[in-house]
1. Tell me the volume per residue, in Å³, of the convex hull enclosing the alpha carbons of the chain.
2. With +1 on the Cβ of every Lys and Arg and -1 on the Cβ of every Asp and Glu, and nothing else charged, how large is the dipole of the chain about its Cα centre, in debye rounded to the nearest 20?
3. Using a cut-off of under 20 Å, list every residue of the stretch 1-25 whose amide N is near the label point 7 Å from the Cα of W50 along the Cα-to-beta-carbon line.
4. Relative to the longest principal axis of the chain, what angle (0 to 90°, nearest 10) does the C-alpha long axis of helix 24-33 take?
5. If each of A30 and S60 carries a label point 7 Å out from its Cα toward its Cβ, how far apart are those two points in nm?
6. Any idea which of I71, A11, T51 is furthest toward the positive side of the dipole for the chain, if Lys and Arg beta-carbons carry +1 and Asp and Glu beta-carbons -1?
7. Using θ = phi - 60° and the Karplus form 6.51 cos²θ - 1.76 cosθ + 1.60, what ³J(HN,Hα) does each residue of the stretch 57-69 get, whole Hz, x for Gly and Pro?
Amino acid sequence: MDRITVSAQLADGRTRDFDVEPDFLQRLYALQLGGIQGKELIHALLTDDWTTPPVLVTVSGIAPDGERVDINIRYE
């Protein structure tokens, strides 16, 4: 069974975890193929309403095809 975890490391040192939909990886890859990255990518996938902005968003786990996923997205 696939399980993807998404966690944002915030600028104040806290961590915020997100529950994501099953199609999260498909959306992530499609946006990346469209040239979306960094801050814009994080806003499109998660939220643009940050009290404290993230420094880094980490996507990890096992994809539906069984592949291991470890992606870091910098908020820049």
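1. It is 83 Å³ per residue.
2. 200 debye
3. 5-21, 25
4. 80 degrees
5. According to this spin-label approximation, the distance is 2.7 nm.
6. A11
7. Whole-Hz 3J(HN,Hα) from phi for the stretch 57-69: 10, 10, 10, 8, x, 10, 6, x, 7, x, 6, 6, 10.
Every read-out reported here was derived from the displayed coordinates using simple, explicitly stated rules and does not represent laboratory data. It should be emphasised that the depicted structure is a prediction, and the values quoted were computed from it without experimental measurement. Positions of Cβ are backbone-derived with ideal geometry, glycine not excepted, and every protein chain shown enters the neighbour counts.
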